[in-house]
Structures are given as C-alpha cells and as structure tokens.
Amino acid sequence: MTPELGVCYYPEHWAEEIWADDARRMAEAGLTWVRIGEFAWSRMEPEAGRYTFGWLDRAIEVLGGAGLKVILGTPTATPPRWMLAKHPDMLALDAESRPRGFGSRRHYCFSHQGYRAECRAIVTKLAERYGANPHVAAWQLDNEYGCHDTTVSYSPAARAGFRDWLAQRYQSIDALNRAWGNVFWSMEYADFDEIDLPNLTVTEPNPAHAMAFRRFASDEVAAFNRAQAEILRRHTRAPLIHNYMGRVLDFDHFAVAADLDIASWDSYPLGFPLDRIEGSETFKERYLRQGDPDFQAFHHDLYRAVGRGRWWVMEQQPGPVNWAPWNVAPLDGMVRLWSWEAIAHGAEVVSYFRWRQAPFAQEQMHSGLLRPDSAPAPALAEARQVAEELNRIGEIVPARAPVAIVFDYASQWAWETQPQGADFNYFTLVFAAYRALRRAGLSVDFLPPDTRDFAGYGLVLAPGLFALPEGLAEALAGSGAEVLIGPRAGSKTDEFAIPVPLPPALPGLDAVVARVESLPPGDTVGVQGGGAFERWFEHLDGSAEMVLTTADGRAGAMRAGTLTYLAGWPDADLWDRLIATACEAADIPRAALPEGLRLRDAAQHRFAFNYGAAPVVFDGREIPAAGVAWWPR
Ligand code: GAL
C-alpha cells in the first residue's frame, strides 16, 4: 500500500469561481483526496423537503475533474435551524436537564426517533444521488460522534429508549432489581417505566444503573451510525468511514466500526497536551510546539485496531488551532513529522484540516494549508514535501508489533462511574503503560477485549479491565506470551458488583485481592529494587509467587506461569522495570532512546521521530529537531 494525502474542503464557504483553482492547487501540491459536505445540510436542504444539490454536483465534478478522489460526508452533525422547528424536542439535554441549543453543531440527541428519520431521509437522498458517482471514492458518516460531550443525553427520548433497552436486557423487572442490588436503599422498581436516567439524584446513583446507562448511550451511537451505513451500502461500494477523536471514549468504537470499512481520527497534537492530558509543567513546556511524543501514536495504534487494520487520519492539524486554552504554532517540520508518524503506523491517508482558513464564524482563528487570502500557509510546503517523499519511498508494509495492549471502552465508563480514587482513570493508566513501551523503543498493537488469539505477541498488557470478558483470562494464560494484567482486573461483574470468589480469580494464580486502597497525590507504596505504586494499591493474599515486593514486604505483583498480576498503579520508573523484565522474559529487544525520540517499525522500514527541540543521535544517525528518519530494517 502506498499512502496518500488529502485535505478537508468546504466548497459552500467559497465563491464557485475559485473552486477550480483550489482543486488545481490541491492536486499540484500532491494531494489526492478531498473531504467535503459534512456540515452542509442547510445548503443541501434549505427547507424541509426542498433539496438543492446542484452546487454539490458541480463541486464534485470540479474536484473530481482535477483528479481528486472525493470523500463525501453525511451532514447529520449539523441539522439546520428548520429542523428544530419541526422537532423541538430533538436536542440533547445535559445532566442538569438543560437543552443543548442551536447555534453551533452536534445539537441532537442520538435517541430522538424523529431526528433519526430525518437523517435516514437525507442520507438516502445523498446515497441515491452520489452512490455511483465515480468521483465519490469514500463516505464519511456524520462527524466526530461524541465531540463536545454529546454521546450522553438526558432527554425524554433517551429515557424512553433506555427503558426499552433495559426491558430487552433484563426481560423482567425482578431480574433488574436483583442484578443491580436495588434492595439497597429501597431502590426497587415495580416496572421498567419507573426507571429514570441516572442524573439529578440526591447523591450518587447506583453504579449499576449508571453503567447500564453508559452502555445504552454507546449502543445508541452504534445504532445511529448503523442506520446510515445500511442505507449507503444499498447504493455504493465505496468504503464507509467515521472520523473519531483523540481521547474521546464515551462509546465503544469497536462496536461502531463493525458497520464501517475504515477507521479514521482527527489528530490535533498541539491542542491535546494543553487540553486533554496530564503532565508536569516541564513536560508541557518541552513539547509545547511538538505535541506529546506518544499521544498521536497511541491513537494511530488504537484506530488501526478499531479499523481492523484499515485506518486514516481524516483531519491533521496544519498550524495553530482555535480551541485550546492557548494556541501555539508548531515547530517548523512538525506537520511533516506528524504526517510521517501516521504513515509509519499504517495510515492509508493523511488528510489536512483544512484547505483555506475561513475568515468568518467559529473557526476563523484556525489555520489551514492556505491563509484566508489564499496565499500558502507554512503547512502547505510541509504537505508538499511529504507527498514528494511518499513518491520516493514506495510501499510501506505494516508489521505485527511484538507487544499488544487489550483495550476496553467499557472499562473507561466503569472507572468514571466508580473511580474510588479521584485520579483513577482508565485511559491515563493505559496511556502510562503505552508510554513506557514507547520509551523502550517498542511498537505496539491494540486489541479489542473479545480477542482470544494472541499468537505472535511476545508480551500482552491488560491494565485496568473492570470485568473480564468470558474466556479472556484463560486465553491470556494459555497464550504463551508474557502477560501483565491488573490492577483492578475482573474486580467487578458485568453488572457492577464485586464478584465472589474475590478477584482477580485468574487461572492457576492463587491470589486474592483482600482489600484495596486509593492513594492521594504524594502518598506512594515503594517497591524493593526501585519504583513505586501511586494512585492505587491492592493488598493481595495467597500463595502465588511474589515477583515484586513492596518496601514493607507486601506483594506488589504475583505470578503463575507467564501471567503476572499487578497489585497497583505503577509510577513511570516501575513501569520501565516491569517492561524491561517482561521483554527479557519474552526475548523482545528494546532500544535505549534519547529523550523525545520515538520509533515505529514497519516490515521493511524502521522510522524514527524526534519530538525534541534539539537534534539527537540514534544508531549512528543524527536526527534534527522535529525531524523524521527511516532506514531499512
Ligand atoms: C474537529 C472537527 C472539525 C474542526 C476541527 C478544528 O474536531 O471535526 O470540523 O472543528 O476539529 O480543529
């Protein structure tokens, strides 16, 4: 596969006279894909039932005529104003029951049946009209499900849907009462219609109730997406794609992806560290203009799994954005580095957001490949350079990584529902493990929680899984790979209760979590030999072999066969030790990397990325600041 580049374009924002020149310049820069249409509903259907597709016909013709392949978006993230007059109750309600009103985007509730019908109607029109259009080579469904906190809605439509979902899941109200333990605090229900959404309760709702609602909300996103996919499939053979986001985990991406062909995500490396991840001030200063050296790669690897091997970057940051607390410009070279890093991780397409900076409305401060006056912005030259380099490098064949991480969206919801310690967060835990693997120079694959075949992996990590899906522990124990599992593994049933026999109940491992404690910042449990547990520590009983011992002689990890159960949340030093020991046991070579350098191995190439602001030397090569290098493996 030879990767390609693309760009996001909004023909409806510009005078028709300049489309042809835009298209020519895109192609001339080496771009081959262009995404359009995803927010243009008010121009496709200006009044209910009156369709105006002429402009879109011409836009597709002009872009396609210039040799570009079009990704056509369904516009369902931005219902026009008339839609609200028609369906006044279609808005999502927030947890305080306030409507999330018109005037930006994503103003809809996934559960509103009237809105779903409107979406089916517009998607049908688009599919009929463009499904066989030779220029439309891919489809994007909606835009960024869950963005701006929109997965969960506390609307009457959601409540009705939730009751129905519960009735199907539990069949009888007694079964639900038993499963949730509703005898506690006299919370028993006599009928599904008595069950409200888990907001506006006096104190916390039953975690089983909250978790069921999170599962329901996730299923609603998948159902909403599936409805569009089914229509499109009837009219087109082009691949169906959604653009997911960084660290948005409110719905099960594996479930949504089951109805699609390709996963993609929107990568904004400079926005994220300032907005979305933890890190010391020194760390944030060091990577201010480069982005976190692991955050992009984490999502590349995760979305490769979500897309079952096929994935893109649908939106790549080209310069300053408008939505972080501060919006700095990237170091020269970073747009190229980010693009290459995605490609090295297997992206089929990297598409920049956006072609020309819009001088109006919400994103007028968001850069593009062109300035508002159509002169090139700095990113255009970097994109062009990547296109030229891609022509030279030829095929990049993906390789299986030696290490895998099992990733489970439901565990994110579970620990948001019951963190037990204010800073226990599933993503943060998994990301800490991922960082340690990358510090050791390793390439990583993610695997969905229904994976049972681990053949080919030397090391598998499964941190923080709240309920172990049936058969997973047995498959891991029998896989032959080194396995690092825990903390909190299998510490709940699917119905959010503590299982008896007590966790972790792993095959062959005589160890029981006798009690758990969460640790406030600064309070740690030291480990003999170096490193410590922070945030979370479990007191283990049992006769299994102790392979880590705390400073005061308690078990830090216990082992049976190739399976090691971790009793707490390791700090960075302890992660490094754990990864080193596991890699030695599994015979996986590591690398000693200079600060800020990261590697990624494809079948025939080793890629290196310098996130640092100064040159580094690795393997006899000097890699400049914000530089990329590759060589044969
Ligand atoms: C994404 C979104 C785009 C644009 C971009 C700005 O979240 O899909 O439409 O808003 O961010 O960075």
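Can SER280 be described as among the polar types (S, T, N, Q), out of contact with any strand residue (DSSP E or B) (no Cβ under 7 Å at 6 or more places or on another chain) and either at pLDDT 95 or above or farther than 25 Å from ASP332 by Cβ (or both)? Taking the combined requirement at face value, the residue satisfies it.
Check the stretch 190-201 and report whether any residue there is of a type in the set (A, V, I, L, M, F, W, C) and under 25 Å from the mean Cα position of the chain (by Cα). Checked the stretch 190-201: no residue is of a type in the set (A, V, I, L, M, F, W, C) and under 25 Å from the mean Cα position of the chain (by Cα). Quick one: would you say LEU548 is on the phi < 0 side of the Ramachandran plot, in contact with a helix residue (DSSP H, G or I) (Cβ under 9 Å, 6 or more places away or on another chain), open to solvent by 30 Å² or more (accessible area, probe 1.4 Å) and among the aliphatic types (A, V, I, L, M)? Judged against the criteria, LEU548 is not a match. Checked against (1) open to solvent by less than 60 Å² (accessible area, probe 1.4 Å); (2) among the small types (Gly, Ala, Ser); (3) touching a helix residue (DSSP H, G or I) at 6+ places or on another chain (Cβ under 9 Å), ALA614 passes all but a single condition, namely (3). Taken together, ARG178, ARG247 contain a single residue that is open to solvent by 30 Å² or more (accessible area, probe 1.4 Å) and either within 16 Å of the ligand (Cβ to nearest atom) or under 29 Å from the mean Cα position of the chain (by Cα) (or both), which is ARG247.
Taking LEU447 as the residue in question, decide whether it is among the hydrophobic types (A, V, I, L, M, F, W, C) and touching a Gly at 6+ places or on another chain (Cβ under 6 Å).
Details: among the hydrophobic types (A, V, I, L, M, F, W, C): yes; touching a Gly at 6+ places or on another chain (Cβ under 6 Å): no.
Spelling it out, it is not the case that LEU447 is among the hydrophobic types (A, V, I, L, M, F, W, C) and touching a Gly at 6+ places or on another chain (Cβ under 6 Å).
Within this structure, PRO449 passes the test of being open to solvent by 10 Å² or more (accessible area, probe 1.4 Å) and either in the same structural domain as GLU517 (by TED's automatic domain parsing) or modelled with pLDDT under 95 (or both). Within the stretch 92-114, the only residue that satisfies the criterion of being of a type outside the set (Gly, Ala, Ser), surrounded by 15 or more Cβ atoms within 10 Å (Cβ to Cβ) and more than 25 Å from GLN362 (Cα to Cα) is HIS112.
The single residue among THR2, THR74 that is within 28 Å of the chain's Cα centre (by Cα) and over 23 Å from ASN143 (Cα atoms) turns out to be THR2. Here ALA263 fulfils each of the conditions (1) under 22 Å from ALA329 (Cβ atoms); (2) surrounded by 21 or more Cβ atoms within 10 Å (Cβ to Cβ) apart from (1). For the stretch 1-16, a residue qualifies if it is within 14 Å of the ligand (Cβ to nearest atom) and among the hydroxyl-bearing types (Ser, Thr, Tyr), and the qualifying residues are TYR9, TYR10.
Figure legend. Inter-residue proximity from the stretch 304-320: first residues within 16 Å of the ligand (Cβ to nearest atom), second residues of a type in the set (S, T, N, Q) and not in a loop (DSSP other than H, G, I, E, B), beta-carbon distance below 6 Å, spacing 6+ or different chains. Indicated pairs: TRP312/SER264; VAL313/SER267; MET314/ASN243; MET314/SER264; MET314/SER351; GLN316/SER267.
A quick yes/no check of all residues on (1) buried (at least 21 other Cβ atoms within 10 Å of the Cβ); (2) among the aliphatic types (A, V, I, L, M); (3) modelled with pLDDT of 95 or more:
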residue: TRP326; (1), (2), (3): no, no, no
residue: LEU331; (1), (2), (3): no, yes, yes
residue: TRP340; (1), (2), (3): yes, no, yes
residue: ILE343; (1), (2), (3): yes, yes, yes
residue: ALA347; (1), (2), (3): yes, yes, yes
residue: GLU363; (1), (2), (3): no, no, yes
residue: GLY368; (1), (2), (3): yes, no, yes
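Taking the criterion of being closer than 22 Å to THR282 by Cβ, in contact (Cβ under 8 Å) with a residue 60 or more places away in the chain and in a loop (DSSP other than H, G, I, E, B), the residues of the stretch 586-626 that qualify are ALA592, LEU593, GLY596, TYR611, GLY612, ALA613, ALA625, ALA626. A single entry from ALA138, ALA190, ALA158, ALA127 fulfils the requirement of being surrounded by fewer than 18 Cβ atoms within 10 Å (Cβ to Cβ) and modelled with pLDDT of 95 or more: ALA190.
Of the helices (runs of 4 or more DSSP H) that lie entirely inside the stretch 110-223, those containing 3 or more residues that are within 21 Å of HIS253 (Cα to Cα) span 156-170. Residues in the stretch 321-359 that are acidic (Asp, Glu) and assigned to a loop (DSSP other than H, G, I, E, B) were compared, and the one that is farthest from the ligand (Cβ to nearest atom) is ASP332.
Matching residues to (1) over 20 Å from GLU545 (Cα atoms); (2) in a loop (DSSP other than H, G, I, E, B):
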site: VAL430; (1), (2): yes, no
site: LEU465; (1), (2): yes, yes
site: VAL483; (1), (2): no, no
site: LEU506; (1), (2): no, yes
site: PRO520; (1), (2): yes, yes
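Of the residues screened, PRO378 is one that is open to solvent by 30 Å² or more (accessible area, probe 1.4 Å), over 30 Å from ASP259 (Cα atoms) and away from the ligand (no atom under 16 Å from the Cβ).
Within the stretch 250-273, track down each residue that is away from the ligand (no atom under 15 Å from the Cβ), more than 15 Å from MET314 (Cα to Cα) and in contact with a Pro (Cβ under 7 Å, 6 or more places away or on another chain). Passing the criteria: only PHE254. Output the number of residues of the stretch 391-409 satisfying the condition of being touching a Leu at 6+ places or on another chain (Cβ under 9 Å) and either in a helix (DSSP H, G or I) or under 22 Å from ARG535 (Cβ atoms) (or both). Residues in the stretch 391-409 being touching a Leu at 6+ places or on another chain (Cβ under 9 Å) and either in a helix (DSSP H, G or I) or under 22 Å from ARG535 (Cβ atoms) (or both): 5 in total. Among residues of the stretch 127-155 that are closer than 12 Å to ASN225 by Cα and of a type in the set (Ser, Thr, Tyr), those with a beta-carbon under 8 Å from a residue that is open to solvent by less than 10 Å² (accessible area, probe 1.4 Å) and outside any loop (DSSP other than H, G, I, E, B) at least six positions away or on a different chain give the pairs TYR145/VAL221; TYR145/PHE224; TYR145/ASN225; TYR145/HIS242; TYR145/TYR244; TYR145/VAL256. For beta carbons closer than 6 Å, sequence separation of 6+ or different chains, a first residue in the stretch 353-365 that is closer than 20 Å to ARG336 by Cβ and a second that is more than 13 Å from the ligand (Cβ to nearest atom) and open to solvent by 80 Å² or more (accessible area, probe 1.4 Å), the qualifying pairs are GLN357/ARG371.
The values are calculated or read from the model by the stated rules, or taken from the named source; none is laboratory data. On a predicted model such as this, the values are computed, not experimentally measured, just so you know. Ideal geometry is used to build each Cβ from the backbone, glycine not excepted, and the neighbour counts take in all protein chains shown. In case anyone asks, the SASA skips ligands and DNA or RNA and just uses the protein heavy atoms, side chains included. Shrake-Rupley method; radii C 1.70, N 1.55, O 1.52, S 1.80 Å.
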